[in-house]
1. Pop out the carbon and sulfur fraction of the accessible area of the chain as a percent, whole number, probe 1.4 Å.
2. Determine how many Å³ per residue the convex hull of the Cα atoms of region 183-238 encloses.
3. Among Val76, Leu33, Pro92, pick out the residue whose Cα is farthest towards the positive end of the charge dipole of region 1-146, where Lys and Arg carry +1 and Asp and Glu carry -1 on C-beta, about the Cα centre.
4. Compute the distance in nm between two label points, each set 7 Å from the Cα along the Cα-to-Cβ direction, one at Arg86 and one at Arg115.
5. Solvent-accessible area per residue for the chain at a 1.4 Å probe radius, Å²?
6. In square nanometres, what is the average projected area of the Cα convex hull of region 97-172?
7. Calculate the all-directions average of the projected area of region 136-195's alpha-carbon convex hull, and give it in nm².
8. Which whole-number percent of Cα pairs in the chain have a distance greater than 35 Å?
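The values are calculated or read from the model by the stated rules, or taken from the named source; none is laboratory data. Keep in mind that what you see is a predicted model, and the values were worked out from it rather than measured. Methodologically, a virtual Cβ is constructed for each residue, glycine included, from the backbone with ideal geometry; neighbour enumeration extends over all protein chains shown. Side chains are part of the model used for accessible areas, which takes the heavy atoms of the whole protein and leaves out ligands, DNA and RNA. Shrake-Rupley method; radii C 1.70, N 1.55, O 1.52, S 1.80 Å.
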Amino acid sequence: MEPQVRRVLQVSARRVLVTGAASGIGAHAAATLAERGWEVVRSDRRPGDGVVELDVTEAGAWTQVVAEHGPFDGLVNAAGIRERARLLDLTPEQWDRTVAVNLTGAFLGTQAVGRALVEAGRGGSIVHVASVNSETPVAGQPHYCASKAGVAMLTRAAALELARHGIRVNAVAPGAIRTPMIQDRIDEGQEEALVKRIPRRRLGEPADITEAISYLLSDAADYVTGVLLPVDGGFLLN
Ligand SMILES: NC(=O)c1ccc[n+]([C@@H]2O[C@H](COP(=O)([O-])OP(=O)(O)OC[C@H]3O[C@@H](n4cnc5c(N)ncnc54)[C@H](O)[C@@H]3O)[C@@H](O)[C@H]2O)c1
């Protein structure tokens, strides 16, 4: 029997909301998706330069952006913060701030975009940017690790509930990616030490993550939901 070759439609004028699109992974993903035919709405905490204002911690802001800039077929949630503090020094405020952006933001976005997608009734795709720290801890960031582990489980729980609506929910788990988020470590001369722990022996680039986001967002991943896809040069193999 001849194998059935599936024709994956090149995306034409489908609309995706990208959070954290003013910098790093979100900015790269937004630019690339636009090149690949998506209508991209870029959002970030700070508006300007083609970026609409969306603080992912604000439920009302999500509702407003979905109403004003939707309907969306997809969401790429790349907004995130990483602050360093060891467990014994971590303040409740630092904990709350990190969980609010990384985890509550992912929940609010999944809910706001999910509700609109269910109402529109034509399916959709949500991609969260989690982390290798969803799976493995690192000293000095217990709040970050806990928030990202939460994103991984939220992804699976949401995927389970939304699958019957044709809505897929997935996450990518980046390793160390060259963006402003890890610039402090590079500036401190830690790049070599970081690279030594990566089997692939290089830092990741935003493009590495964009390719995974692009796949999970697209119809090519039509049968993929609830996964946490490491894009880490093999870091999690250690
Ligand atoms: N760079 C890495 O090594 C790495 C590794 C694993 C995971 N990640 C994750 O990738 C995602 C993107 O990070 P990045 O490396 O591009 O960092 P980045 O700092 O370059 O970009 C993060 C963006 O999120 C935005 N943001 C922060 N708080 C926000 C809020 N409340 N509402 C809306 N936007 C907000 C920032 O303004 C910024 O534009 C984050 O979720 C991060 O945790 C990054």
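1. Whole-percent figure for carbon plus sulfur exposure: 52.
2. Taking the convex hull of the Cα positions in region 183-238, it is 96 Å³ per residue.
3. Result: Leu33.
4. 4.4 nm
5. Dividing the accessible area of the chain by its residue count gives 52 Å².
6. Computing the convex hull of the Cα atoms and averaging its projections yields 4.5 nm².
7. Mean shadow area of the hull around the Cα atoms is 5.2 nm².
8. The proportion of pairs with Cα distances above 35 Å equals 11 percent.
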